[in-house]
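Just below is one structure, and these are the notes that go with it.
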There are 2 protein chains.
Amino acid sequence: MRETYHAELDQLTEELVRLAELVELEMGRATAALLDADLVLAERVIDNESIITDRCQQVDEAAVIVLARQQPVATDLRLIVADLRITADLERMGRLARHLAELVRQRHPTAVVPAALRGAIDRMGQVAARITTKATSALARRDPVIAAEMERDDDEMDELQQDLYWRLLHGDWPDGTEVAMDVGLIGRYYERYADHAVSIAARIAYVVGRRPAEHR
Amino acid sequence: MRETYHAELDQLTEELVRLAELVELEMGRATAALLDADLVLAERVIDNESIITDRCQQVDEAAVIVLARQQPVATDLRLIVADLRITADLERMGRLARHLAELVRQRHPTAVVPAALRGAIDRMGQVAARITTKATSALARRDPVIAAEMERDDDEMDELQQDLYWRLLHGDWPDGTEVAMDVGLIGRYYERYADHAVSIAARIAYVVGRRPAEHR
């Protein structure tokens with residue numbers, strides 16, 4: 001019984017890791033679609049969002065089954081509750097990738113990101129990729145140290161967003177207002193994405209951090 | 001034992017309802033602060049967000065205690081899991097109210113919303129208030145009918161946001177780009193707020209809707 005139980009908890013972790021990898025993949029594609037005004041890639045990201053949503057729901061269902069069957073207490077209970085919150089974060093991250101792709105589709109064949117801002121968006125995409133890779137490792141090892149590192153990536157993302165806003169306000173190109181609104185939104189999506197990644201980290205740190213207190 | 005159990009479930013519902021009322025109150029204040037460029041009110045909303053966050057965490061803790069002590073199954077288990085997701089929605093809604101208030105503070109003493117757009121934001125604020133009132137009732141009665149109605153309010157919010165965007169792109173005022181970016185963000189916050197309200201409704205409908213299937 002205990003063995004099945006731990007196998008089930010490990011299975012949940014494994015599924016979360018795979019989900020995080022899928023989100024990372026789609027976010028990478030969304031960034032590429034933005035930078036290259038690639039409609040085909042954008043539509044793939046849009047279509048694949050439902051796969052992420054479905055798999056998040058499957059993990060939720062699995063977690064609820066473990067709760068019902070094994071009736072865990074203390075740390076294990078908190079772990080599963082944290083898992084339920086992490087799927088919600090991953091689902092939101094998948095949706096943010098989709099929102100980016102939708103902007104590509106809306107403006108196609110015009111590029112949403114003007115040439116002068118490609119570098120800035122490219123950097124935000126890189127931070128997004130890095131922070132998701134770390135979230136995946138933090139999840140796989142339930143490691144609060146990696147989680148703490150992610151705060152720095154999040155700070156970097158915030159700075160990139162500030163820079164982007166400044167450039168949007170001071171840049172000069174055709175359709176300035178529309179570009180500013182669209183690219184402002186893009187900046188906001190990347191920033192929110194990083195926030196959710198950090199929120200995953202916080203949930204990991206929370207479960208791990210509480211262990212000593214609960215075993216007192 | 002069963003009596004305590006149902007009292008605890010009722011207690012959870014009651015706390016969610018009070019939380020939803022608190023969110024409604026803060027969102028109303030955020031709208032008022034936006035419309036009147038009221039710094040004092042904005043700062044109150046910003047300060048009060050932590051009260052919402054703390055109370056969401058308290059409800060989560062209480063839900064986890066019920067899970068651990070009562071080990072509910074089937075519908076009751078799903079209900080508590082839904083409650084954990086609803087607190088996450090309410091927390092996000094509180095944060096969106098805070099984001100609105102932060103824009104007021106950032107631009108003060110200049111009004112974020114130019115006079116020509118006050119009517120549009122006023123209407124979005126009204127829909128936000130209405131949809132939160134309905135979410136509160138839907139929660140209190142676990143009523144999927146009210147939940148379904150909320151979809152219409154959400155559609156109305158989406159239309160208001162479309163209108164707002166059109167006006168931002170075609171309006172003409174000083175600091176046009178900055179206004180468009182700020183007010184574009186405001187529109188987005190209201191729209192996201194309504195989405196989270198609808199998501200609460202969906203979670204209520206899900207729990208209620210599954211009851212027959214599970215009792216088959």
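The values are calculated or read from the model by the stated rules, or taken from the named source; none is laboratory data. All figures in this text were calculated on a predicted structure; none of them were measured in a lab. When we count neighbours, we look across all protein chains shown, and the Cβ atoms used for this are built from the backbone with ideal geometry, even at glycine. Remember, those area values only see protein heavy atoms, side chains included, never the ligands or the DNA or RNA. Shrake-Rupley method; radii C 1.70, N 1.55, O 1.52, S 1.80 Å.
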*Placing a label point 7 Å from Cα toward Cβ, how far apart in nm is B:Ala74 from its equivalents in the other copies, listed shortest first to one decimal?*
3.2
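Need one number: buried accessible surface between chains A and B, 1.4 Å probe, both sides summed, DNA, RNA and ligands left out, in Å² to 100.
Accessible area lost upon association: around 2700 Å².
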*Position A:Trp173, label points 7 Å along Cα→Cβ, spacing to each other copy in nm (shortest first, one decimal)*: 2.5
*asked:* Let me make sure I get this right: for region A:1-156, a, b and c are the square roots of the gyration tensor eigenvalues over alpha carbons, sorted descending. Under 1.5 in a/c it's rounded, otherwise prolate if a/b > b/c, else oblate. Which is it?
replied: prolate
*Let me know the mean shielding of B:161-170 by other chains, meaning the per-residue number of their Cβ atoms within 10 Å of its Cβ.*
1
*A:Val127 accessible area, 1.4 Å probe, all protein chains in place, Å² to nearest 10*: 0 Å²
_List, shortest first and in nm to one decimal, how far the label point of B:Ala7 (7 Å from Cα along Cα→Cβ) is from its counterparts in the other copies._
4.2
*asked:* Compute a Gaussian network model of chain B, connecting alpha carbons closer than 10 Å, and tell me which residue from B:Ile52, B:Ile146, B:Ile65 fluctuates the most.
replied: B:Ile65
*First obtain the Kirkwood hydrodynamic radius of the protein assembly as shown from its Cα pairs, then insert it into the Stokes-Einstein equation at 10 °C and 1.306 mPa s, and state the resulting D in µm² per second as a whole number.*
70 µm²/s
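Please work out the average accessible area per residue across the protein assembly as shown, using the 1.4 Å probe convention, and give it in Å².
44 Å²
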*asked:* What is the sum of charges, Lys and Arg at +1 and Asp and Glu at -1, for the other residues whose Cβ falls under 14 Å from the Cβ of A:Glu149?
replied: -2
*Select from region B:120-189 those trypsin sites (Lys or Arg not before Pro) which occupy a DSSP coil region and have at most 16 other Cβ atoms within 10 Å, ordered by residue number.*
B:Arg142
_Sequence gap at least 6, Cα distance under 8 Å: using those rules, report the relative contact order of chain B to the nearest whole percent._
28 percent
*Using helices alone, what [θ] at 222 nm do you get for chain B, with -39,500 (n - 2.57) per DSSP H run of 4 or more residues, divided over all residues and rounded to the nearest 500?*
-32000 deg cm²/dmol
*Heavy-atom accessible area of A:Asp155 with all protein chains present, probe 1.4 Å, nearest 10 Å²?*
80 Å²
*asked:* Between B:Ala68 and B:Val40, what's the calculated FRET efficiency when r is the beta-carbon distance and R0 is 41 Å? Round to 0.05.
replied: 0.40
*Considering the rotation that carries chain A onto chain B, locate the chain A residue whose Cβ comes closest to its axis and report the distance in whole Å.*
A:Gln71, 2
